[in-house]
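The values are calculated or read from the model by the stated rules, or taken from the named source; none is laboratory data. Source: prediction; values computed, not measured. Cβ: placed from backbone, ideal geometry, glycine included. Neighbour counts: every protein chain shown.
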C-alpha cells in the first residue's frame, strides 16, 4: 500500500462515519419522540379522578342550573319552558334588590377589611425566626377552623345582653351594650367583622409570599437614600405587591359574593332581612319555597356578576402591565 493510498483511506472513512452519525441521530430522536408521545395519557390518568369529580359535582350541576333557570320546575310533573320569565320576576323583586345591596356591602367590607388587616399582619410577622413561625401559625388558625365553628363562636361572643363577651369589653370603655346580630342597624356590620377575622389570615399568607419576592436591594437603596419606613412601604412594598393585590382582590371579592354559611348560621338573613344576601335568598327560594326555577335564575345572575368582576379586574391588570 502506498503512502498516498494510506492517506486517502482515512480521509474516505471520515465522511462515511459522519454520514452514519447524521443518519443515526434523527432516528434516535424520532424514537425518543415516539416514546414521549406514547405516554401523553399518563398525566391525564392521574388527573382523571379529580376531573370526574369536578364534572359530576360542579359542571353538570352548573349546566342543569342554567337549564332550570328558563323553566318552571315541577317535580314529578315535568318542567315547563318559560324563557326569561324567571329572570324578569327575580330582577323585579324587592327582596332580590335588597339582597344584592347587602351582598355588595358585605363583599366590599370584607374585601377591604381582610386585605388591609392581612397586609398589616404580613408586615408584622415577616421574618425567619422561630417565634414568628409560631405567630404565623397561630394567626392562620381561623382559616383552618370550620366555618360552622367560627360562626358559633362569634354568635356566643355577640350575645346581646350585658353579660355577653363583647358587650363586657364595650362596658370597660364606657359604651352601652349592643345588640350586634340581633339589631338591624348593626347585624350586617357584625357579619362583616366576622368575615374579616376569618379572611385576613389567608390574605396575610399570600402577602408574605409576595413580600418574599421583592428584591431586598431596593430596601437597602431606599435606606441609603434616607427613606423612612412609611416611604419604603409606599414606594417599594406596595408597587412590588401589585400582582398580589390583584389576585387577592378577586379571591376576596368572590368570597364576599358567595358568603352563605356565616350569614345562615348567625342570622339566617334576619333580623327583618337586614342581612339577607343573594346566597341565602337563593337557598330560601329553592329549598324552602320550592321555586327552583327562580332560584336557578338568581344563581346564574350571581355567577355572571362574579365572572364580569373577574374579567374586568384581569383586563385592568393587563393594561397596567402593558
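Points to keep in mind about this one:
- From the options 142, 177, 160, residue that is surrounded by 15 or more Cβ atoms within 10 Å (Cβ to Cβ) and under 21 Å from residue 244 (Cβ atoms): 142
- Unmet requirement for residue 269, which otherwise passes all of (1) in a helix (DSSP H, G or I); (2) buried (at least 16 other Cβ atoms within 10 Å of the Cβ); (3) within 24 Å of the chain's Cα centre (by Cα): (1)
- In the set 211, 172, 218, 188, only one residue is more than 26 Å from residue 262 (Cα to Cα) and in contact (Cβ under 8 Å) with a residue 40 or more places away in the chain; that residue is 211.
- Among the residues listed as 245, 207, the single one being assigned to a helix (DSSP H, G or I), surrounded by 13 or more Cβ atoms within 10 Å (Cβ to Cβ) and modelled with pLDDT of 90 or more: 207
- Within region 154-168, being in contact with a helix residue (DSSP H, G or I) (Cβ under 9 Å, 6 or more places away or on another chain) and part of a helix (DSSP H, G or I) holds for 154, 155, 156, 157, 165, 166, 167.
- For region 81-90, the set of residues classified as surrounded by 11 or more Cβ atoms within 10 Å (Cβ to Cβ) and free of Cβ contacts under 8 Å to residues at least 24 places away in the same chain consists of 84, 85, 88, listed by residue number.
- Residue 296 meets each of the listed conditions (1) in contact (Cβ under 8 Å) with a residue 60 or more places away in the chain; (2) under 19 Å from the mean Cα position of the chain (by Cα); (3) in a helix (DSSP H, G or I) apart from (2).
- Single residue of 261, 275 found to be touching a residue at least 40 places away in the same chain (Cβ under 8 Å) and surrounded by 18 or more Cβ atoms within 10 Å (Cβ to Cβ): 275
- Scanning region 216-237 for residues that are under 18 Å from residue 125 (Cα atoms) and either in a loop (DSSP other than H, G, I, E, B) or over 28 Å from the mean Cα position of the chain (by Cα) (or both) yields 216, 219, 229, 230, 232.
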